[in-house]
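The values are calculated or read from the model by the stated rules, or taken from the named source; none is laboratory data. Here the structure is a predicted model, which is why all the values come from computation and not from measurement. Neighbour counts run over all protein chains shown; Cβ positions are idealised from the backbone, glycine included. Ligands, DNA and RNA are stripped out before the accessible areas are found, and what is left, the full protein with its side chains, is counted by its heavy atoms. Shrake-Rupley method; radii C 1.70, N 1.55, O 1.52, S 1.80 Å.
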Amino acid sequence: NTMTIRREFRANRQLVWDAYTKSELLNQWFAPKPLTTKTKSMDFREGGHWLYAMVEPDGTEYWGRTDYLKIQPIDAYTALDGFCDEDGNLNTELPRATWDVTFTDLGENALVQTVVTFNSLADLETVVQMGMQEGLTSTLESLDELLTTLTRS
């Protein structure tokens, strides 16, 4: 009932951490193309949450809520992620997952490992059927592009 994603980025750990934890940067990469992301509210602290939408080119919105459980600045955070409505009310018919995200120096680069844990194998299979694997691949490619832009400027 877990999925592990490891990705090395050509940027320093602080910049990669910022890309994961600041809404102005998340809005630039946290959705699979051609979707975009918009933040309604973000309070990055233990007990805080991020309320956001992934938006189709036609304007259709898919809302998500990330509740921050534990934060160790620039090293790791743990959050509970789920689908919701635009007011942050969780959709209990779709799975929630715990995301354990760690950031490690790898020379001049940063390694991010994300372990996504679902309550059951059936929940994991549900999100795989919804395209989570392809979505995450596309999303992380967008982060690569953003980091390349940011490290050049």
Notebook entry, point to check: Each residue of the stretch 107-121 in turn: what ³J(HN,Hα) in whole Hz from Karplus with 6.51, -1.76, 1.60 and θ = phi - 60°, glycine and Pro shown as x?
Noted result: x, 7, 9, 10, 10, 10, 10, 10, 10, 9, 10, 9, 5, 8, 4
Check: Between N1 and T92, what is the FRET efficiency for a Förster distance of 25 Å, r being their Cβ-Cβ separation, to the nearest 0.05?
Finding: 0.90
Notebook entry, point to check: For the stretch 1-55, what does the alpha-carbon gyration tensor say about shape, rounded, prolate or oblate, given a ≥ b ≥ c as the root eigenvalues, a/c under 1.5 as rounded, and a/b over b/c as prolate?
Noted result: rounded
Checklist line | Carbon plus sulfur fraction of accessible area for the stretch 44-153, probe 1.4 Å, in percent | finding: 49 percent
Next item on the list: Could you point to the residue in G59, W29, N119 farthest towards the positive end of the stretch 18-153's charge dipole, with +1 and -1 charges on the Cβ of Lys/Arg and Asp/Glu respectively?
Entry: W29
Notebook entry, point to check: Taking the Cα atoms only, what angle lies between the long axis of helix 132-152 and the longest principal axis of the chain, rounded to 10 degrees?
Noted result: 30 degrees
Note to self: Accessible area per residue for the stretch 1-49 in Å², computed with a 1.4 Å probe and the full protein assembly in place, what is it?
What the structure shows: 56 Å²
Next item on the list: Residues in the stretch 14-54, backbone N under 14 Å from the label point at D144 (7 Å along the Cα-to-beta-carbon vector): list them, ranges by number please.
Entry: 33
